[in-house]
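The structure appears right after this line, and notes come after that.
The values are calculated or read from the model by the stated rules, or taken from the named source; none is laboratory data. On a predicted model such as this, the values are computed, not experimentally measured, just so you know. Every residue, glycine among them, receives a Cβ derived from its backbone with ideal geometry; neighbour counts consider all protein chains shown. Surface accessibility is based on the protein's heavy atoms, side chains included, excluding ligands, DNA and RNA. Shrake-Rupley method; radii C 1.70, N 1.55, O 1.52, S 1.80 Å.
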Amino acid sequence: YLRGHLTAGDLDATGLKGIDFTSRAGDIEIEAELTSGSHRINVTAGNVQVRLAPASGVAIKADASIGDISSKLPGLKTKGRSLGESLEGNYGNGAAQLEVSVTTGSIDLGERRG
């Protein structure tokens, strides 16, 4: 489980079972298997990439205030707004909850390889 706050810099973390992380500036790359509980990633300025293990079951809410959201996860589609995008949907059974928010930057969701 990764819990913390980063003022500035990049984070690359793999093998996670949980996350509660905030960053003011920097790029975040996460590989995780989320099957229960509530999880959160919040970035003020930067990009977030999340790769989920196929065994994950997650209800996902994502919001980019100024930026784009791309998803390669089945059944999840983005909704555009004037400057940003949002996304909401389930990957797997939806037993866990994941909220990803970016004020300025992009969010990329996909499946973990291997």
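Quick one: in segment 87-103, of everything that is assigned to a loop (DSSP other than H, G, I, E, B) and touching a strand residue (DSSP E or B) at 6+ places or on another chain (Cβ under 7 Å), which residue is most open to solvent (accessible area, probe 1.4 Å)? For segment 87-103, the residue satisfying everything is Gly92. A single member of Thr14, Thr7 is hydroxyl-bearing (Ser, Thr, Tyr), without any contact (Cβ under 8 Å) to a residue 40 or more places away in the chain, assigned to a strand (DSSP E or B) and closer than 20 Å to Arg113 by Cα, and it is Thr14. Could you go through segment 17-37 and let me know if any residue there is modelled with pLDDT of 95 or more, under 18 Å from Gly89 (Cβ atoms) and not hydroxyl-bearing (Ser, Thr, Tyr). Taking every residue of segment 17-37 in turn, at least one turns out to be modelled with pLDDT of 95 or more, under 18 Å from Gly89 (Cβ atoms) and not hydroxyl-bearing (Ser, Thr, Tyr).
For segment 72-86, the criterion of being within 27 Å of Gly9 (Cα to Cα), modelled with pLDDT of 95 or more, touching a Leu at 6+ places or on another chain (Cβ under 6 Å) and open to solvent by less than 60 Å² (accessible area, probe 1.4 Å) is met by no residue. Among the residues of segment 17-28, those identified as buried (at least 17 other Cβ atoms within 10 Å of the Cβ) and assigned to a strand (DSSP E or B) are Ile19, Phe21, Ser23, Ile28. Residues in segment 39-58 that are closer than 16 Å to Gly18 by Cα and open to solvent by 30 Å² or more (accessible area, probe 1.4 Å): Arg40, Asn42, Gln49, Arg51, Pro54, Ala55. In segment 45-60, the residues that are in contact (Cβ under 8 Å) with a residue 12 or more places away in the chain and over 12 Å from Ala13 (Cα atoms) reach residues that are in a loop (DSSP other than H, G, I, E, B) and of a type in the set (S, T, N, Q) with C-beta atoms within less than 6 angstrom, at least six apart or across chains, in these pairs: Asn47/Ser106; Gly57/Thr35; Gly57/Asn93. Among the residues of segment 62-99, those identified as touching a residue at least 60 places away in the same chain (Cβ under 8 Å) and of a type outside the set (Asp, Glu) are Ala95, Ala96, Gln97, Leu98. For segment 42-62, give me each residue that is out of contact with any Lys or Arg (no Cβ under 7 Å at 6 or more places or on another chain) and closer than 18 Å to Leu76 by Cα. Answer for segment 42-62, where residues must be out of contact with any Lys or Arg (no Cβ under 7 Å at 6 or more places or on another chain) and closer than 18 Å to Leu76 by Cα: Val48, Gln49, Val50, Pro54, Ala55, Ser56, Gly57, Val58, Ala59, Ile60, Lys61, Ala62. Where strands (runs of 3 or more DSSP E) fall wholly inside segment 29-86, the ranges with 2 or more residues that are closer than 13 Å to Thr104 by Cβ are 38-45, 58-66. Only residues that are over 15 Å from Asn90 (Cβ atoms) and either within 9 Å of the chain's Cα centre (by Cα) or among the hydrophobic types (A, V, I, L, M, F, W, C) (or both): list them for segment 54-69, please. Listed by number, the residues that qualify are Ala64, Ile66, Ile69.
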